[in-house]
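Structure first, then comments.
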Amino acid sequence: MRHVKLGVNIDHVATLRQARGEKNPDTVEAARVVYSSGGDMVVMHLRQDRRHIQDSDIERVRHEVKGLIHLEMAATAEMEKLALKLRPDSVCLVPEGPRELTTQGGMKLEGKNSGLEKIIKNLSGSGIEVSVFADPEPGAIRAAHNMGADAIELCTKEYAAAWGKKLQVKELEKLQLAGFLVKELKMELHAGHGLDYYNVAPVARIEGMDCLNIGFSIVSRAMFVGLKTAVAEMKRLIQ
Ligand code: PXP
């Protein structure tokens, strides 16, 4: 059986908690359930506006639960400093806009970006695996590789938006070709954004896929079946 890892993004457990500004639902409890239900890592996006995940969520999950933590963050000096302090196992660098509802796509990687390259090198050099969130475009993938990234997380936003439409085949092909290039460059292959119980299987079957990071659909389903079942069902679908 192929082992495609499942990263479960618990940002929206924190979104619900922030609605009341109290303790529940607790991200530490969510992390425990994720690890015990087949999730291979807990994913948290520490946004610059701290609208959901707080620094303390990462600290508490790190200290109170045993398991891998994958941190999504903007490529800024503040976030680099925090990552070096909080010590997640891996980091995904994502673009971040102030009023966006969620990440809008891959990093813009054209041209020389010595700031980004320095952040990648510093994090990777300190033993944190670094992935770059990239659109399934050869130029972006090669640029991230040249900057020293260990992994590419392919953005599946357009694929998810095309699901059930004619464009779906083309968007899947783009991901497959991009995945081929990532593997040719001997990098880890991840994917995520907008994946759900219906559209996930073809992405999980892309040759060489190492890990899928999924949040909104799992936390939404958890409302009705519980987080344990929602994680276990997704895990079953990606094997
Ligand atoms: N991967 C990245 C880089 C993301 O920014 C997000 C959203 O935070 C996800 C995966 C998860 O996306 P979704 O919540 O749509 O499953």
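Residue by residue through the stretch 216-227, note down the ones that are open to solvent by 10 Å² or more (accessible area, probe 1.4 Å) and either within 15 Å of the ligand (Cβ to nearest atom) or assigned to a strand (DSSP E or B) (or both).
Hits for the stretch 216-227 are Phe216, Ser217, Val219, Ser220, Arg221, Ala222, Met223, Leu227.
Starting from residues that are open to solvent by 60 Å² or more (accessible area, probe 1.4 Å) and free of Cβ contacts under 8 Å to residues at least 12 places away in the same chain, keep the ones in the stretch 88-106 and report whichever is nearest to Glu137 (Cα to Cα). Within the stretch 88-106, the match that is nearest to Glu137 (Cα to Cα) is Leu101. If you check Gly208, Gly192 for being more than 16 Å from the ligand (Cβ to nearest atom), of a type in the set (Gly, Ala, Ser), in contact with a strand residue (DSSP E or B) (Cβ under 7 Å, 6 or more places away or on another chain) and touching a residue at least 12 places away in the same chain (Cβ under 8 Å), only one passes: Gly208. A single entry from Lys186, Lys170 fulfils the requirement of being surrounded by fewer than 20 Cβ atoms within 10 Å (Cβ to Cβ), without any contact (Cβ under 8 Å) to a residue 12 or more places away in the chain and more than 17 Å from Ile141 (Cα to Cα): Lys170.
Here's the yes/no breakdown for (1) under 17 Å from the mean Cα position of the chain (by Cα); (2) farther than 20 Å from Asp11 by Cβ; (3) modelled with pLDDT under 95; (4) not β-branched (Val, Ile, Thr):
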{"site": "Leu84", "(1), (2), (3), (4)": "no, yes, no, yes"}
{"site": "Cys92", "(1), (2), (3), (4)": "yes, no, no, yes"}
{"site": "Gly106", "(1), (2), (3), (4)": "yes, no, yes, yes"}
{"site": "Lys112", "(1), (2), (3), (4)": "no, yes, yes, yes"}
{"site": "Leu116", "(1), (2), (3), (4)": "no, yes, yes, yes"}
{"site": "Ile119", "(1), (2), (3), (4)": "no, yes, no, no"}
{"site": "Leu154", "(1), (2), (3), (4)": "yes, no, no, yes"}
{"site": "Lys174", "(1), (2), (3), (4)": "no, yes, no, yes"}
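For the stretch 5-17, filtered to residues that are outside any strand (DSSP E or B) and out of contact with any His (no Cβ under 6 Å at 6 or more places or on another chain), the residue that is farthest from the ligand (Cβ to nearest atom) is Arg17. Is it true that some residue in the stretch 72-81 is aliphatic (A, V, I, L, M) and under 23 Å from Met234 (Cα atoms)? Checked against the condition, which is being aliphatic (A, V, I, L, M) and under 23 Å from Met234 (Cα atoms), the stretch 72-81 yields no hits at all.
Pairs linking a residue in the stretch 62-84 that is β-branched (Val, Ile, Thr) to a residue that is assigned to a helix (DSSP H, G or I), with Cβ atoms under 8 Å and 6 or more positions apart or on different chains, are Val65/Val28; Val65/Ala31; Val65/Arg32; Val65/Tyr35; Ile69/Ile58; Ile69/Val61; Ile69/Arg62. Of all the listed residues (Asp135, Asp150), the sole one being within 14 Å of the ligand (Cβ to nearest atom), open to solvent by 40 Å² or more (accessible area, probe 1.4 Å) and either free of Cβ contacts under 8 Å to residues at least 60 places away in the same chain or within 18 Å of the chain's Cα centre (by Cα) (or both) is Asp135. Looking only at the stretch 18-52, residues that are of a type in the set (Lys, Arg) and either within 13 Å of the ligand (Cβ to nearest atom) or touching a residue at least 24 places away in the same chain (Cβ under 8 Å) (or both) come to 3 in all.
The values are calculated or read from the model by the stated rules, or taken from the named source; none is laboratory data. Everything quoted here is computed from the prediction, not taken from an experiment. With ideal geometry, Cβ positions are generated from the backbone for all residues, glycine too; neighbour counts draw on all protein chains shown. For the accessible areas, the whole protein counts, side chains as well, though only heavy atoms, and no ligand, DNA or RNA atoms are used. Shrake-Rupley method; radii C 1.70, N 1.55, O 1.52, S 1.80 Å.
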